[in-house]
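Report on the following structure.
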Amino acid sequence: NLCNLTLAVARPYKNEEGVYVKVYNGNKKVIIFSAFADTADYIYKSISGNLKNHYGLQTCKITGSGTNECTIEMNKEFNNLLLNFSPKSKHRDMLDPNSNDDIDILIATDCISEGQNLQDCDYLINYDIHWNPVRIIQRFGRVDRIGSSNEVIQLVNFWPNLSLDDYINLKNRVENRM
């Protein structure tokens, strides 16, 4: 459900005064993983405008196939988008000291699930669950790394609706393998 996804990404909560605050704990970095480029495209087109207009969150999409996209006018090359999503861990201050364009939300396929240091992020969403639990562990490994300043890293899994899960038994199969 994209409405639930938008809320999970924006993470609004009420502070002590009862006022909704846009971002939990000051860290706006969120990665949304999808196993499929078409799904990542759909998610980007469906939520990026709303996140920018209502919450001031900048979003990019990297799928490894097709065209990368970003709500900020910038070079949309793979490494540049990752540099601006995770500027601390990618040492942007040394590589591009004049840049201050921060990407808050990264929507991606598993093309970034190995070999990337993205520990500026503290919140990872698996929009669809890959049948191989090693992929889930690799995805989480992008943010749960040595050198992370995050005290807590949150992982959210979106599971298929009950009738579909009854049919394919995905949740039980993946959890048993983990």
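For the stretch 35-49, a residue qualifies if it is touching a residue at least 40 places away in the same chain (Cβ under 8 Å) and either out of contact with any Ser or Thr (no Cβ under 6 Å at 6 or more places or on another chain) or closer than 16 Å to N84 by Cα (or both), and the qualifying residues are A35, F36, T39, I43, Y44, S46.
Checking I105, I62, I72, I31 one by one, the residue that is open to solvent by less than 40 Å² (accessible area, probe 1.4 Å), within 20 Å of E151 (Cα to Cα) and modelled with pLDDT of 90 or more is I105 and no other. Among residues of the stretch 64-82 that are in contact (Cβ under 8 Å) with a residue 12 or more places away in the chain, those with a Cβ under 6 angstrom from a residue that is of a type in the set (D, E), sequence gap 6+ or separate chain, pair up as I72/D101; M74/D101.
Restricting I137, I146, I125 to residues that are crowded, with 16+ Cβ neighbours inside 10 Å and either at pLDDT 70 or above or outside any strand (DSSP E or B) (or both) narrows the list to I125.
The values are calculated or read from the model by the stated rules, or taken from the named source; none is laboratory data. Being a predicted model, the structure only gives us computed values, none of them experimental. Using ideal geometry, Cβ is built from the backbone for each residue, glycine included, and neighbour counts are taken over all protein chains shown. Each accessible area value is taken on the protein alone, full model and side chains, heavy atoms only, with ligands, DNA and RNA left out. Shrake-Rupley method; radii C 1.70, N 1.55, O 1.52, S 1.80 Å.
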